[in-house]
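Everything on this sheet refers to the single structure shown next.
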Amino acid sequence: MKKRVAFLFSGRGSLMGAVQGGLSGTSSELVLVITNNPNVDSSQLPIPEGCEFYCIDHKSYHSRSDHEQEIALLMDRCQIDLIVLGGYRRIFSTEFVEKYGHQTINTHPSLLPAFVGDKAQLKAIQKGVRITGATVHFINNEVDQGPIITQAAVEVKPHYTESDLREAIIGVERLALARAVKLFLDDKLEIQHNVVHVKSGYEDELFV
C-alpha cells in the first residue's frame, strides 16, 4: 500500500537522503518536509519534485501548542502515514504524541538507552565507552525512551573528538534510518509491551 512520508529536521537536513533510501523499492513517497530552522536554503536539499517544503519557526509562535497545531494541520492535510524526525530538536507535547506517536520515528546518536538527550557524542567520549552508535525509535512521552526499531554501532577510537564521533555516527545513522523507514513502510513492525517486534524472517534487519 502506498504511504505518504513527512521529514522534519532542525539542522542541515543531512538525513533526508536516508529517508529516500528507505523509500527505494516501495511505492511510498516523501511528500512533506518541515524545518524550524529559518537559515535553511531549501534549494540545497534533495527535495523530490512535488514534495512540499515549509519552514515553521517555533520562535514565530506564541506557544508550543500553536506551533504544533500548524504542524499537525499539515500532517492531516497531506494525509501523512509516517513522520520521520531526523535531527529535529523539538520535544512534542503529550497531545501530539498521543495522536501521532505510533507513526513517528526519531533518530538519536547513541545506542539507547545510553546517553539520552543532548550532546550524546560528548557524553560517550567523557565516559570512555569503546562502542556507541545510532538508534531509531518510535517517540513517546519520555525523551529518547520510545520503543527501539533499529540500531547501528561504531567504535570510539582513542583520538576521536566530539566532532569526529559525530561524523562517524551519522554514517551508520543513515543506514539505521533507511532500514527503519523501509520496515515501517513494508508493515513489518509491531509494538508489544513497549518493545518493537518484526515479522518472522526479518529479525536480522533490526541491527545494522
Total residues in segment 142-151, condition crowded, with 21+ Cβ neighbours inside 10 Å and assigned to a strand (DSSP E or B): 3
Of the criteria (1) modelled with pLDDT of 95 or more; (2) out of contact with any Pro (no Cβ under 7 Å at 6 or more places or on another chain); (3) not basic (K, R), which one I169 fails: (2)
One residue from E98, E155, E68 being free of Cβ contacts under 8 Å to residues at least 24 places away in the same chain and either within 18 Å of L177 (Cα to Cα) or acidic (D, E) (or both): E98
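Residues checked against (1) under 18 Å from the mean Cα position of the chain (by Cα); (2) acidic (D, E); (3) in a helix (DSSP H, G or I); (4) loosely packed, with under 13 Cβ neighbours inside 10 Å:
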{"site": "H62", "(1), (2), (3), (4)": "no, no, no, yes"}
{"site": "M75", "(1), (2), (3), (4)": "yes, no, yes, no"}
{"site": "Y88", "(1), (2), (3), (4)": "yes, no, no, no"}
{"site": "E98", "(1), (2), (3), (4)": "yes, yes, yes, yes"}
{"site": "N106", "(1), (2), (3), (4)": "yes, no, no, no"}
{"site": "Q121", "(1), (2), (3), (4)": "yes, no, yes, no"}
{"site": "I125", "(1), (2), (3), (4)": "no, no, yes, no"}
{"site": "T135", "(1), (2), (3), (4)": "yes, no, no, no"}
Selected residue [at pLDDT below 95, on the phi < 0 side of the Ramachandran plot and out of contact with any Lys or Arg (no Cβ under 6 Å at 6 or more places or on another chain)] from V143, V129, V154, V136: V143
Condition check for D41: out of contact with any Asp or Glu (no Cβ under 8 Å at 6 or more places or on another chain), acidic (D, E), under 14 Å from V5 (Cα atoms) and surrounded by fewer than 17 Cβ atoms within 10 Å (Cβ to Cβ): no
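The values are calculated or read from the model by the stated rules, or taken from the named source; none is laboratory data. Keep in mind that this is a model prediction, so the values were computed, not measured. Using ideal geometry, Cβ is built from the backbone for each residue, glycine included, and neighbour counts are taken over all protein chains shown.
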